[in-house]
1. For segment 84-100, how many residues meet the condition of being among the aliphatic types (A, V, I, L, M) and more than 12 Å from ligand 2 (Cβ to nearest atom)?
2. Quick one: R112 ticks every box in (1) more than 15 Å from ligand 1 (Cβ to nearest atom); (2) farther than 30 Å from L288 by Cα except a single one, so which number is it?
3. If T218 satisfies all but one of (1) touching a residue at least 24 places away in the same chain (Cβ under 8 Å); (2) of a type in the set (S, T, N, Q); (3) buried (at least 17 other Cβ atoms within 10 Å of the Cβ), what's the number of the condition it fails?
4. Could you please give the count of residues in segment 78-96 that are near ligand 1 (Cβ under 9 Å from one of its atoms) and either open to solvent by 20 Å² or more (accessible area, probe 1.4 Å) or not in a loop (DSSP other than H, G, I, E, B) (or both)?
5. If you take the residues of segment 33-47 that are of a type outside the set (G, A, S) and open to solvent by less than 20 Å² (accessible area, probe 1.4 Å), which of them is farthest from the chain's Cα centre (by Cα)?
6. Being open to solvent by 20 Å² or more (accessible area, probe 1.4 Å) and within 27 Å of M93 (Cβ to Cβ): is that true of E225 here?
7. Do any helices (runs of 4 or more DSSP H) entirely within segment 130-248 hold 1 or more residues that are aliphatic (A, V, I, L, M) and in contact with a strand residue (DSSP E or B) (Cβ under 7 Å, 6 or more places away or on another chain), and if so, which?
8. For L39, state whether it is in a loop (DSSP other than H, G, I, E, B), farther than 12 Å from I171 by Cα and within 15 Å of ligand 1 (Cβ to nearest atom).
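The values are calculated or read from the model by the stated rules, or taken from the named source; none is laboratory data. In this text the structure is predicted, and so the values were computed from the model without any measurement. Every residue, glycine as well, gets a Cβ built from its backbone with ideal geometry; the counts of neighbours run over all protein chains shown. The protein model used for the area step is the full one, side chains on, heavy atoms only, and it has no ligands, DNA or RNA in it. Shrake-Rupley method; radii C 1.70, N 1.55, O 1.52, S 1.80 Å.
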Amino acid sequence: MSRIQQLDARIVNKIAAGEVIERPASVVKELLENSVDALATRIDVEIEEGGSQRIRVVDNGEGIHPDDILLAVTAHATSKIQTAEDLFGVHTMGFRGEALASIAEVSRFVIRSRTADAIAGTELIVDYGDVGTPQPAAAPIGTSFDISGLFNNTPVRRKFLKRPSTEFGHIAEQFTRVALAHPRLHMTLTHNDRDVFDLPPTDRLIERLELFYGRDVTETLIWVENEAGGCKLWGYVGHPSQTKSNRKGQYLFLNGRPISDRSLSHALTEAYRGLVMVGRQPIAFLFLEMPPELADVNVHPTKAEVRFQDSQQHYRQLLSTIRSTFLGLPLETSLRVDASDQHQAVEAGGPHQQRLAIAPARGGTTPTRWSGSATAASDSPTYPQPTSPAPASPTVPTAEGEPWSPPAQPTTTSGGVRGIQVHDCYLVIETPDGVAIVDQHALHERVLYEYFKQRVLDEEVERQKLLVPESVELSPREAAVLIEQSELLESLGFGIEAFGNNTVLVQAYPAILRKPDFDQLLQDLADTLEQPGQSPSRRDILESLLQMMACKAAIKAGHRLTAEEMDSLLEQSHLIDDAHHCPHGRPTALALSRAELDRQFGRLG
Ligand code: ADP
Ligand code: MG
């Protein structure tokens with residue numbers, strides 16, 4: 001074993017860079033945080049090629065004293081704390097003093113800065129860790145950073161960079177977090193000289209949210225507010241009918257710092273329990289404000305996680321604040337209104353609307369028929385109207401619910417399935433050895449999932465081509481992930497291609513989806529593709545997509561079935577290996593055996 005020696009500062013910086021600077025977006029995050037700490041009122045961010053070429057951040061903040069500029073790029077040099085006690089009362093975004101040193105170690109780094117009382121600015125160049133000499137330079141008040149060739153001296157890191165659109169997506173996400181935390185900041189973002197965001201300063205968070213998410217979302221947001229034990233909680237949460245398939249629409253800020261916290265995420269999910277479908281996630285923009293000593297921010301190198309002194313209290317506060325807000329709102333009524341609107345729209349939909357004609361005939365040899373497409377209109381059946389207006393279950397948003405047409409090819413029901421539908425949601429059926437209760441949505445979902453999976457494996461997915469491609473505007477990140485995975489999506493029947501900055505064109509989609517809401521669909525696809533965790537395998541992604549699409553295409557709870565529809569659905573269930581669980585793992589059927597029935601009714605022997 002060699003003898004122990006002190007590592008030199010350059011190596012220390014490189015190690016820190018490995019931890020703090022994972023990708024171009026990490027640079028942007030650190031620089032934005034510094035500008036916020038410098039009390040800037042305007043920050044401009046310019047990106048080239050997803051940040052792998054160039055990152056420029058310019059602010060109009062306090063600037064750096066000329067005598068301090070070398071210290072700024074020295075590790076563990078900071079103007080933000082002085083003593084160990086200060087660590088427990090951090091009022092700034094930064095305090096570790098290692099970001100600039102780390103960035104300068106792995107890039108060509110130019111900093112220019114000028115304080116209000118200096119007559120000229122100062123420039124310092126650091127070339128992959130080689131620190132130059134500070135020079136006087138013309139500069140406006142504030143600080144600018146110009147970073148190019150990121151990771152060129154760490155080839156392994158550089159190799160891990162994804163394509164520019166993906167890296168830019170991550171940058172846009174970091175930018176968004178800071179922009180939401182500080183609506184009063186004027187912020188701009190460009191990519192390859194194209195304007196992506198120009199956010200005027202505002203006192204109203206909702207105005208900034210609207211720029212990012214559009215009116216459709218912000219109009220339904222619900223304000224929440226509470227104060228307990230010196231901790232203020234405020235912000236907006238989404239209406240239960242506005243959900244996503246992952247947590248990407250959930251933002252949490254602690255004293256202006258974007259954080260992620262498992263316990264608080266869980267509290268949010270709990271608050272919506274029973275109001276959103278299993279597997280769907282609410283939207284939330286929540287701000288916690290508390291004296292800094294109540295939270296330790298020094299537990300994570302990029303400060304993304306914090307440790308609360310009393311995390312139970314914040315859990316309870318978040319949960320009860322949202323719950324009690326919901327209690328005071330006519331949520332159920334508005335869900336009902338949504339559902340009946342949907343119902344009318346569907347009734348008026350006419351025969352040209354494409355509808356799902358359930359599944360393959362027994363044996364799976366006859367392909368599923370899709371009625372109502374332009375070519376198949378002649379043989380499309382007329383649609384049965386539900387026998388009564390589909391009553392909405394208050395706990396299940398039925399925004400996606402649509403009537404379900406009878407099978408284009410009648411299936412034989414000679415198998416003698418006998419069943420009744422109860423509460424427009426469950427089917428009670430006689431089985432050879434007792435009784436089973438089936439969740440209609442879960443079962444149909446399972447049937448479609450198996451069927452669609454087989455089609456994908458056989459490369460026989462029915463595609464619906466669009467004569468006029470549908471253009472969908474997304475966030476830069478969502479657009480990037482869809483384009484990156486367009487080949488995988490192709491195998492599911494999607495034809496998606498890039499069209500300008502944040503817009504994609506849909507040329508074709510899997511026919512199983514009938515007439516989809518493309519905005520929602522593409523967003524859900526992007527969310528599914530971006531599931532957190534180490535880069536999931538192609539198989540995992542495909543699996544999630546199949547589940548998502550089966551769920552979308554399946555009949556919903558609250559939909560009344562005709563006798564034929566019910567028979568057909570039950571008939572299909574024999575085609576699948578595991579009819580007892582929907583793809584999400586929820587049971588599709590509960591069984592009660594004949595013996596159990598007999599015992600319960602005292603019919604012994
Ligand atoms: P930290 O933010 O943890 O202090 P950094 O390495 O990010 O560490 O920055 C080092 C120091 O450089 C900061 O403490 C601050 O004094 C100064 N600094 C960095 N960026 C700016 C900026 N945009 N405006 C003014 N000062 C800055
Ligand atoms: Mg910093």
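1. Counting residues in segment 84-100 that are among the aliphatic types (A, V, I, L, M) and more than 12 Å from ligand 2 (Cβ to nearest atom) gives 2.
2. Of (1) more than 15 Å from ligand 1 (Cβ to nearest atom); (2) farther than 30 Å from L288 by Cα, only one is false for R112: (1).
3. Going through (1) touching a residue at least 24 places away in the same chain (Cβ under 8 Å); (2) of a type in the set (S, T, N, Q); (3) buried (at least 17 other Cβ atoms within 10 Å of the Cβ) one by one, T218 breaks only (1).
4. Number of matching residues: 6.
5. I43
6. Considered against the rule, which asks whether it is open to solvent by 20 Å² or more (accessible area, probe 1.4 Å) and within 27 Å of M93 (Cβ to Cβ), E225 comes out as yes.
7. By residue number, 164-181, 205-213.
8. Yes, satisfied.
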